[in-house]
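The values are calculated or read from the model by the stated rules, or taken from the named source; none is laboratory data. Keep in mind it's a predicted model, so treat the numbers as computed, not measured. Counting neighbours? That spans all protein chains shown, and the Cβs are built from the backbone with ideal geometry, glycine included.
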Amino acid sequence: MTIDWVQVDRQHVWHPFTQEKTAPLPVEIRSAQGAWLYAQDGRRFLDLVSSWWVNLHGHAHPTIAEAIAKQAHTLEQVMFAGFTHQPAVELAYELVQRLPAGLTRVFYSDNGSTAIEVALKIALQYWRNQGQHRKRFAVFDGSYHGDTVGAMSVGQGSQFFTHYQALLFHVDVLPYPLTWDNDPHIEQKEAVALQAFDAYLQRYAHEIAGVLIEPLVQGASGMRMCRPQFLQGLSQRAKAAGVLLLFDEVMTGFGRTGQWFASHTAKVTPDIICLSKGITAGFLPLSVTVCSEQVYQAFLGESFDRAFVHGHSFTANPLGCAAAIASLQVFKAENTLAKLPQIERWHRQYLEPLLHHAKVEQVRVCGTIAAFNVKASETGYASSVGERFKAFFMKHGVLLRPLGNTVYLLPPYCITEEELALGYQVIEKALNDL
Ligand code: PMP
């Protein structure tokens, strides 16, 4: 007897971000290869969102699959307090080689949200350990940093969390100079945002534990992009005021913006950086919060009281670390970074005809990420445009999940020109038919 797993799913499984009463049945994926997902019923889907932005080199990449299997036969897990292991140490070393100079201390956790929680706790305690009780965090309009309580608190710029407001701590939300291609007002928007930051620093500098931002691209609130110039202005001011700068590179890390990290693309080095998603090329949950030596040193002392009291059962899981090391090997073997500018060129080439489409506005590209807004009476996350387009894309064999009225592509790096062209064909059809 063959089991209908989707029916069993309906009885026992609760899916994320889903209204289970009205959502269509979930699609059972049996296998995946390269940029394609293969469903149980024979359909296939071109994964143009890298499965929630985690996949880098394509699905089921053999180098990474083998590295995980090998590690599983040797050491699957060991607690990480009082013990260490080569995969964690080697990965930390390899990450530090690739991160901007000065980010030297790697703290492991399991997902993007926990990487943020860790960063917030480190920033707060960094000041306390020096006798300063700073507890203000500044974030930006439209920022999203995850779904745990601390991450939701600093994500109040995104306005996703109204139900949970009672649980959230106060943060200061500052203006974000959102931009797109050929935006005539960007300099003015940046000047306004930096002036607001100046005024904020002037008033509160000695109370601020940290300033947190998704550099270059705010993901979940709609692939909202800013220019490197803004981040440079922000960083200069934060440094001059002695305020910690925290980068959430959970989405933008590992090549997404064209270089190893958005920090490189923007030429800005934060004090603390959070990485997850692409770290294992989408194979296993893992994250890191990497700090400058100065931040780390503030935790050293004779008493346990100064130590960072945080950890998870699976901190630095060896399988995740092995997957991440293998992913870095794939970057080298396949010369992946050198291929990324080609993806950006393809995006620009295929977006060209859409630039003057009556329904399209705010076209923007940053490295491998491309996005535009569909002109609609309702905008933002609640816009029905997203649901209608998503259903249309799925019907045409393409996995694209608009964020409200923002259609975006964030393909795995193994994508070919033909595959990307197919995605854009379906997008154009959606724009014309819907
Ligand atoms: N930060 C950013 C920028 C993200 O895009 C996300 C996830 N979309 C997170 C944090 C949270 O990561 P996770 O879903 O792994 O908890």
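Take the residues of segment 124-149 that are closer than 19 Å to Leu403 by Cβ and within 10 Å of the ligand (Cβ to nearest atom): which is surrounded by the most Cβ atoms within 10 Å (Cβ to Cβ)? Give the derivation first.
Just the residues of segment 124-149 that are closer than 19 Å to Leu403 by Cβ, to begin with: 139-147.
Those left that are additionally within 10 Å of the ligand (Cβ to nearest atom): 143-147.
Working: Ser143: 24, Tyr144: 28, His145: 32, Gly146: 23, Asp147: 17.
Of everything passing the filter in segment 124-149, His145 is surrounded by the most Cβ atoms within 10 Å (Cβ to Cβ).
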From Leu337, Leu328, Leu422, Leu403, residue being touching a Lys or Arg at 6+ places or on another chain (Cβ under 9 Å) and either assigned by TED's automatic domain parsing to the domain that holds Pro177 or touching a residue at least 24 places away in the same chain (Cβ under 8 Å) (or both): Leu328
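Could you go through segment 216-223 and let me know if any residue there is in a helix (DSSP H, G or I) and either more than 23 Å from Lys375 (Cα to Cα) or in contact (Cβ under 8 Å) with a residue 24 or more places away in the chain (or both). Reasoning before the result, please.
First pass over segment 216-223, keeping only residues in a helix (DSSP H, G or I): none.
Among the residues of segment 216-223, not one is in a helix (DSSP H, G or I) and either more than 23 Å from Lys375 (Cα to Cα) or in contact (Cβ under 8 Å) with a residue 24 or more places away in the chain (or both), which makes the answer no.
Out of everything in segment 203-242 that is of a type outside the set (Gly, Ala, Ser) and in contact with a His (Cβ under 9 Å, 6 or more places away or on another chain), what residue ends up being farthest from Ser292 (Cα to Cα)? Before the answer, list the steps.
Of all residues in segment 203-242, those of a type outside the set (Gly, Ala, Ser) come to 203-204, 206-208, 211-218, 223-232, 234, 236-237, 239.
If we keep only those that are in contact with a His (Cβ under 9 Å, 6 or more places away or on another chain) as well, we get 207, 212, 214.
Values: Glu207: 21, Leu212: 15, Glu214: 18 Å.
Ranking the qualifying residues of segment 203-242, first place goes to Glu207.
From the list Ala191, Ala220, Ala199, pick out the single residue that is under 29 Å from Gln259 (Cβ atoms), of a type in the set (A, V, I, L, M, F, W, C), modelled with pLDDT of 95 or more and surrounded by fewer than 18 Cβ atoms within 10 Å (Cβ to Cβ).
Numbers: Ala220 fails: surrounded by fewer than 18 Cβ atoms within 10 Å (Cβ to Cβ); Ala199 fails: under 29 Å from Gln259 (Cβ atoms).
Step by step, each of Ala191, Ala220, Ala199 is checked, and only Ala191 is under 29 Å from Gln259 (Cβ atoms), of a type in the set (A, V, I, L, M, F, W, C), modelled with pLDDT of 95 or more and surrounded by fewer than 18 Cβ atoms within 10 Å (Cβ to Cβ).
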statement: The condition of being touching a helix residue (DSSP H, G or I) at 6+ places or on another chain (Cβ under 9 Å), buried (at least 20 other Cβ atoms within 10 Å of the Cβ), in contact (Cβ under 8 Å) with a residue 60 or more places away in the chain and over 24 Å from Pro26 (Cα atoms) holds, among Ile415, Ile427, only for Ile415
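Any residue that is of a type in the set (A, V, I, L, M, F, W, C), touching a Leu at 6+ places or on another chain (Cβ under 9 Å) and more than 10 Å from the ligand (Cβ to nearest atom) - is there at least one of those in segment 110-118? Before the answer, list the steps.
So the first thing to find is which residues in segment 110-118 are of a type in the set (A, V, I, L, M, F, W, C), and the list is 115-116, 118.
After this cut, where a residue has to be touching a Leu at 6+ places or on another chain (Cβ under 9 Å) as well, the list is 115-116.
Still in the running and more than 10 Å from the ligand (Cβ to nearest atom): none.
No, the conditions are met nowhere in segment 110-118.
One line per residue, one yes/no per condition, for (1) more than 20 Å from His145 (Cα to Cα); (2) touching a helix residue (DSSP H, G or I) at 6+ places or on another chain (Cβ under 7 Å):
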| position | (1), (2) |
| --- | --- |
| Ala196 | yes, no |
| Gln202 | yes, no |
| Gln218 | no, no |
| Cys226 | no, no |
| Ala240 | yes, no |
| Cys274 | no, yes |
| Lys277 | no, yes |
| Gly282 | no, yes |
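I need a count of the residues in segment 35-61 that are of a type in the set (D, E, K, R) and part of a loop (DSSP other than H, G, I, E, B). Reasoning before the result, please.
Step one: list which residues in segment 35-61 are of a type in the set (D, E, K, R), which gives 41, 43-44, 47.
Then keep just the ones that are part of a loop (DSSP other than H, G, I, E, B); that gives 41, 43.
Residues that pass the stated criteria total 2.
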message: Please count how many residues of segment 299-354 are among the hydrophobic types (A, V, I, L, M, F, W, C), surrounded by 13 or more Cβ atoms within 10 Å (Cβ to Cβ) and in contact with a Leu (Cβ under 9 Å, 6 or more places away or on another chain).
response: 14
statement: Of the conditions (1) touching a strand residue (DSSP E or B) at 6+ places or on another chain (Cβ under 6 Å); (2) at pLDDT below 95, the single one that Ala205 does not satisfy is (1)
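Any idea how many residues of segment 399-417 are closer than 12 Å to Trp36 by Cβ and polar (S, T, N, Q)? Walk me through it before giving the result.
So in segment 399-417, the residues closer than 12 Å to Trp36 by Cβ come out as 399, 411-412, 414-416.
Remaining after also requiring polar (S, T, N, Q): 416.
Summing the residues that are closer than 12 Å to Trp36 by Cβ and polar (S, T, N, Q) in segment 399-417 gives 1.
When you look at Phe392, is it modelled with pLDDT of 95 or more and over 25 Å from the mean Cα position of the chain (by Cα), yes or no? It would help to see each step written out before you state the result.
Details: modelled with pLDDT of 95 or more: yes; over 25 Å from the mean Cα position of the chain (by Cα): yes.
Against the criterion (modelled with pLDDT of 95 or more and over 25 Å from the mean Cα position of the chain (by Cα)), Phe392 qualifies.
Based on this model, can you work out whether Phe230 counts as outside any helix (DSSP H, G or I) and among the hydrophobic types (A, V, I, L, M, F, W, C)?
Details: outside any helix (DSSP H, G or I): no; among the hydrophobic types (A, V, I, L, M, F, W, C): yes.
So Phe230 fails the test.
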- prompt: Restricted to segment 355-386, and to residues that are aliphatic (A, V, I, L, M) and buried (at least 17 other Cβ atoms within 10 Å of the Cβ), which residue is farthest from the chain's Cα centre (by Cα)?
  reply: Val360
message: It is to be established whether one or more residues within segment 208-229 are under 23 Å from Gln97 (Cα atoms) and more than 15 Å from the ligand (Cβ to nearest atom).
response: yes
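Which of the residues that make up segment 150-192 are of a type in the set (A, V, I, L, M) and within 12 Å of the ligand (Cβ to nearest atom)?
So in segment 150-192, the residues of a type in the set (A, V, I, L, M) come out as 151-152, 154, 166-168, 171, 173-174, 178, 186, 191-192.
Ala151, Met152, Val154 - these are the residues of segment 150-192 that are of a type in the set (A, V, I, L, M) and within 12 Å of the ligand (Cβ to nearest atom).
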query: Could you say which residue among Gln425, Gln362 is out of contact with any Cys (no Cβ under 9 Å at 6 or more places or on another chain) and within 22 Å of Ile186 (Cβ to Cβ)?
result: Gln362
query: Going through segment 84-123 one residue at a time, which ones are surrounded by 18 or more Cβ atoms within 10 Å (Cβ to Cβ) and more than 22 Å from the chain's Cα centre (by Cα)?
result: His85, Pro87
